[in-house]
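Structure first, commentary second.
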Amino acid sequence: RVHGDLTRLQMSGVGPTLVMLVFAALVVSAALPSFHPDVFSVKHLNERLTVHTRVAPVVKPRSVAEWEERVLAARGRLAAALESQGRAVPQRLNPNDLFEFIPTFVAAPLPGGDALSWSLPGACSQAATASLSAFGDNSTTLAFSFSQRRTLLCYDLYLIASSGTFHVHEFALGDKHEIVFEALSPEDMADISANGLRVFHFQSEVLQDVVDFWDTALLFLQGNLPLGPPSVSPEEAKLNLEFLQTKMGITMAPRSAGVVNLTLSKEIIPSGSFLGIIRLDGLDPMIAWGMGAHTGHTTVALWMPTGPNGEEELYVTESQTKSHYWPNNFIQKTPFNEWIALATDASYNVVLLPLTAEAAAAFNETAANAWFAENEGHPYGFANFLFGWIDSADGNFPPPLSEQLVMVGFALLDRIEPNITELMWNQALNNRLNTSGLDCAAVYAKAASQNITFGELISMPELDSYRYLIPGWAHPETPIQSMVCNVWVGSVLKAGGLFSWAGLADDEVNVGETTNADIYRLSFFEAAPQRPPQCVQADPENDLCQLTGEFSLELFMHATSGPYPRMRERCAGIAPDYYYDDNTC
């Protein structure tokens, strides 16, 4: 029997862009100590979650070699534990298996509905059914039936969740099982009645999932933890290159040219020029993988007056967060050469994509600089970080991530750490319903009362008119437009008049709906820029001028799509195909 209340826990210090990874990892780690099919109570699970959310003591930074030694030791302990039980030893993953610790959605049985069936060729029980009965009095019973077992001693690990509770269960001996959920809240009962009790299957055994998670974490650890220099280690870069090649078909060849020094002029880098960046630190490649871009960060160049006699200086402007490799927070400007030095130290791979001569002539530099002055110091746009990417109910989530896991994951996270979900999820959904202040469960209930499904809700366009309360800056009580890096670039192009120059009204284009690739594919930019000789000499095979970086960066299909009304508001696409051939969505 499973109690339905989820204790509210604090998860201070968890990076919001890794929330879904952390959620899945906590589920796996909570299940790890047990190797039998007993039911875990939510109270027991919460106690284990609490252990995993304590603040770690300050430790001496370790070298990459020391980290690898610890990983190998952990793998050895995992292998010994499995061998002692006669189980197969998990193997080191290849890049195609990264993120495979995330459970796969299989069914959502409804109260009184038909039993739902699914087949999983690689599972212990390769065929299964589930049905929901005895629904009422704040409780319900979930019945499972399994068949086609591969071996007598194998088992399957499932996650069962709603918007108010979750439960991890290990099914071993026996073909029929029942789980009773008790003390469910009225909101949870309403959610189950409307959406069913969601059932997810972990693709591997518990220890394999732990190894999967660790191998995935290796993409991120050194490049995002303040344990060493601002650069990305060769080992981490290699892992990320393999990930990009396997997941997206992107090949980044080694590059030895280093920094390319340009003579700064408006002819070479006019205001409004795009700088595309990828840092091989796990985070940028993950962002690129989700949205189908070759970059994880974007910036825009602006010439700004610096003196009374018409003197100007070239700046790189961006929406950014402070980290151990970047010194400043928020929407900011940095003199171009200073920015290149910082980018080189941070292991950025950077290419320049200038405006066409016609677009550069039409670009209103004065208006764009005024827009920067109005927004300088505004925080990074975490509030709509996800919504330029999500354009459809289930057509943007790379497997095994699913619409159902996202729905229950954020609802449960709202019970654990409401500040994160208020910032990254709830405000955006409130905007879509023209409400304010509703928590995640209330938002879902409000949408259901208006016959709006969860998929319809999250795929509503992100309007540039939406305003958000974002903490951590000088005026957190002031509603502002939320702008991540590419949205900032698009907003500068919009402020500079390029969309109106192309015949579109401001409200016909929502740059909050764009991804990195949507920006650099705009036909405002040069399809075949005339590169300075030093760029050609440094990177003869690249169509663009690469300014710095240890690996060659190319922007696939840059400058191929004209702006059009409601652009990029309905673009479903999952790796490796995305929506490259659709210039109408």
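For the reader, a short list of remarks on this structure follows.
- Compactness check for region 321-411: Cα Rg over 2.2 N^0.38 Å is 1.51.
- Note, ³J(HN,Hα) from phi for region 129-138, Karplus 6.51, -1.76, 1.60, rounded to Hz, x at Gly and Pro: 9, 8, 9, 10, 9, 6, 8, x, 6, 6
- Remark on residue 312: its backbone amide H falls under 5 Å from those of 306, a criterion applied only to residues 5 or more positions apart or on other chains, H modelled at 1.01 Å from N.
- In this simple spin-label model, placing a label point 7 Å from the Cα along the Cα-to-Cβ direction at both residue 312 and residue 435 gives a separation of 4.9 nm.
- Peptides 344-352, 559-567, 238-246 ordered by average Cβ neighbours within 10 Å, highest first: 344-352, 238-246, 559-567
- Amide H contacts of residue 547 (H built 1.01 Å from N, under 5 Å, at least 5 apart or other chain): 350, 351, 352
- Counted by Cβ distance under 13 Å from residue 469, the other residues give a net charge of -1, where Lys and Arg count +1 and Asp and Glu count -1.
- Neighbourhood charge, 14 Å Cβ-Cβ cut-off, centred on residue 282 and excluding it, Lys, Arg +1 and Asp, Glu -1: -3
- Taking one quarter of the surface of the convex hull spanned by the alpha-carbon atoms of region 369-471 gives a direction-averaged projected area of 7.3 nm².
- Looking at region 323-375, the accessible area is 38 square angstrom per residue; that uses a 1.4 Å probe and ignores ligands, DNA and RNA.
- Of the solvent-accessible surface of region 298-449, computed with a 1.4 Å probe and all protein chains present, 50% belongs to carbon and sulfur.
- Accessible surface, region 109-221, averaged per residue in Å² (probe 1.4 Å): 38 Å²
- Each of the peptides 477-484, 335-342, 376-383 was scored by the mean count of other Cβ atoms within 10 Å over its residues; in descending order, highest first, they stand as 376-383, 477-484, 335-342.
- Residues with amide H under 5 Å from that of residue 567, placed H, sequence gap 5 or more: 510
- Chain lengthening between residue 477 and residue 358 when straightened (0.36 nm per residue, less Cα-Cα): 38.7 nm
- Computed on region 110-161, with alpha-carbon pairs under 8 angstrom and 6+ residues apart, the relative contact order is 33 percent.
- Packing, as the average of other Cβ atoms within 10 Å across residues, places the peptides 188-194, 132-138 in the order 188-194, 132-138, highest first.
The values are calculated or read from the model by the stated rules, or taken from the named source; none is laboratory data. On a predicted model such as this, the values are computed, not experimentally measured, just so you know. Backbone-built Cβ (ideal geometry, glycine too); neighbour counts: all protein chains shown. Surface areas here come from the heavy atoms of the whole protein model, side chains and all, with no ligands, DNA or RNA. Shrake-Rupley method; radii C 1.70, N 1.55, O 1.52, S 1.80 Å.
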